[in-house]
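A.B. asks: Got a structure for you, written out below as structure tokens; questions coming shortly.
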Amino acid sequence: MTGNALNVIDAGPEHAGVIVDIIHRSFGARPKLEPPSKALDETVESVAEQLANAGGLLVERRGLPMGAMLFDESRPGQLGLRRVCVDPDIQARGVASAMLGVAEDTAEERGKDGIWLDVREELPDTVQFWSRRLYHPVGRDEPFIEFGKTLWLAREVPTPGEMHTLAARLATLLKPGDLLVLSGDLGAGKTTFTQGLGEALGVRGPITSPTFVIARTHPSLVDGPPLVHVDAYRLGDAAELDDIDLDATTDEAVTVVEWGEGMAEQLADSWLHIRIEVRGARPIDPLGTSHEGDLVDEAEPRVVTVKPHGPRWVGVPLRSTLLAP
Ligand SMILES: Nc1ncnc2c1ncn2[C@@H]1O[C@H](COP(=O)(O)OP(=O)(O)O)[C@@H](O)[C@H]1O
Ligand SMILES: [Mg+2]
């Protein structure tokens, strides 16, 4: 590595000496905590053992160690981050961010659904660091706050039948109060997805593209939550969405809002954003005869992206459920 580039190394037991040193220096430089952090009790042996079990990361710049973390694979489907530290003389946010980016890639490569870590509640800067990166506090075990994040995913969906299958898999994870925001051009498959969801949830159909109706409630036929299907296409803004008074129903229902991006999110502090893109769709027509919102080609495969927002989705096995072969 040359210049100022950061080098993030997949660490093994051979890096234990360097890593225990940076752990001691960085945790030792923190304000005094009661009880003191157990990080100060780590030894070369204890760090080597953790590295042998689950690995970790070491960040270097010009060959000098700048930061480190240890991985923890004790929870199924989740990657734990321990002893996340940055050299106290540097305190550059860039090191922590770079290291975290690689940690999230590692979680994905290892087939995990999400990441967890414990943060000392007495350290507001650290709490803020994780909150800003969309890690959500999901538990408290004094003096720790547990933070978690669920990884997003994208997958190809070649046919309407597979769109139904994807929706049916998601249905197994849904609970009353859940909000799904669907986006994608006209004809992308938002209603097709919602139909698959309705079938899987066992609600009374048919689910159609609403024409005059903006919100439609489909009661459950199987003692489950109803499906509230909203088409926000004709709504001017979030205030109008408020007018249709979804709040009254969203606690007990699964709510799906087509065209809801930027509007529906205020209905809940957690939601799933599902974006459907049509592969091969021409974004710009040089003659200006088509524009965004035009009907898309029926036969093109779709790429569906699912992004969780908010604490509701922490710990939910989204990737493993939706990406399973
Ligand atoms: N992979 C696919 N996923 C979903 N729909 C598809 C796919 N391939 C073709 N289609 C077709 O595209 C159309 C999607 O329409 P619709 O679900 O009403 O879109 P939207 O609600 O996004 O406007 C349907 O006619 C559907 O059969
Ligand atoms: Mg539609």
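The numbers here are math on the coordinates, done by the rules we state, and not lab data. Small disclaimer: the values here were computed from a predicted structure and weren't measured. Neighbour counts run over all protein chains shown; Cβ positions are idealised from the backbone, glycine included.
A.B. asks: Determine the gain in length on full extension of the stretch E122-E34; use 0.36 nm per residue of separation and subtract their C-alpha separation, reporting nm with one decimal. Don't skip to the end; give the middle numbers.
C.D. replies: Working: separation 88, 0.36 × 88 = 31.68 nm, distance 0.94 nm.
The span from E122 to E34 would gain 30.7 nm if fully extended.
A.B. asks: Nearest 500 deg cm²/dmol is fine: what mean residue ellipticity at 222 nm does the chain get from its DSSP H runs of n ≥ 4 alone, each adding -39,500 (n - 2.57), divided by its residue count?
C.D. replies: -8000 deg cm²/dmol
A.B. asks: Taking amide H positions as placed in the peptide plane 1.01 Å from N, state which residues far from V157 in sequence (5 or more) or on other chains have amide H under 5 Å from it.
C.D. replies: R302, V303, V304
A.B. asks: I would also like to ask the following. In whole Å, largest first, what are the principal axis extents of the Cα atoms in the chain?
C.D. replies: Principal extents (largest minus smallest coordinate, Cα): 66, 48, 37 Å.
A.B. asks: Another one. For the Cα atoms of the chain, what angle does the longest principal axis make with the long axis of helix 93-109, in degrees from 0 to 90, nearest 10?
C.D. replies: With both axes taken from Cα atoms, the answer is about 60 degrees.
A.B. asks: Counting Lys and Arg as +1 and Asp and Glu as -1, what is the net charge of the other residues whose Cβ lies under 10 Å from the Cβ of V257?
C.D. replies: -3
A.B. asks: Still on this structure, please answer the following. With each pseudo-label sitting 7 Å past Cα toward Cβ, what's the E162-N4 distance in nm, one decimal?
C.D. replies: The two pseudo-label positions are separated by 4.5 nm.
A.B. asks: Continuing with the same structure: Alpha carbon centre of segment 62-137 versus segment 2-49: separation in Å?
C.D. replies: 13
A.B. asks: Can I ask one more? In sequence order, what are the phi-derived ³J(HN,Hα) couplings for segment 123-137 according to the Karplus relation 6.51 cos²θ - 1.76 cosθ + 1.60 with θ = phi - 60°, rounded to whole Hz, with x for glycine and proline?
C.D. replies: 10, x, 5, 5, 4, 5, 3, 6, 4, 4, 9, 6, 8, 10, x
A.B. asks: Where Lys and Arg each count +1 and Asp and Glu each count -1, what net charge lies around I207 among other residues with Cβ under 10 Å from its Cβ?
C.D. replies: +1
A.B. asks: A further question on this structure: With axes computed from alpha carbons, what is the tilt in degrees of helix 190-201 against the longest principal axis of the chain, rounded to the nearest 10 within 0 to 90?
C.D. replies: Long axis of 190-201 versus the principal axis of the chain: about 80 degrees.
A.B. asks: Work the Kirkwood hydrodynamic radius out for segment 6-150: mean of 1/r over every pair of different alpha-carbon atoms, inverted, in Å.
C.D. replies: 15.2
A.B. asks: Per residue of segment 258-270, in order, report the coupling 6.51 cos²θ - 1.76 cosθ + 1.60 (Karplus, θ = phi - 60°) as ³J(HN,Hα) in whole Hz, putting x for Gly and Pro.
C.D. replies: Going residue by residue, I get 6, 6, x, 4, x, 10, 6, 4, 6, 6, 8, 8, 9 Hz, with x marking Gly and Pro.
A.B. asks: Let me ask something additional. Where in segment 135-202 are there trypsin sites (Lys or Arg not before Pro) that are in a DSSP coil and have at most 14 other Cβ atoms within 10 angstrom of their Cβ?
C.D. replies: none
A.B. asks: Okay, moving on. By how many degrees, 0 to 90 and rounded to 10, does the Cα axis of helix 16-28 deviate from the longest principal axis of the chain?
C.D. replies: Long axis of 16-28 versus the principal axis of the chain: about 80 degrees.
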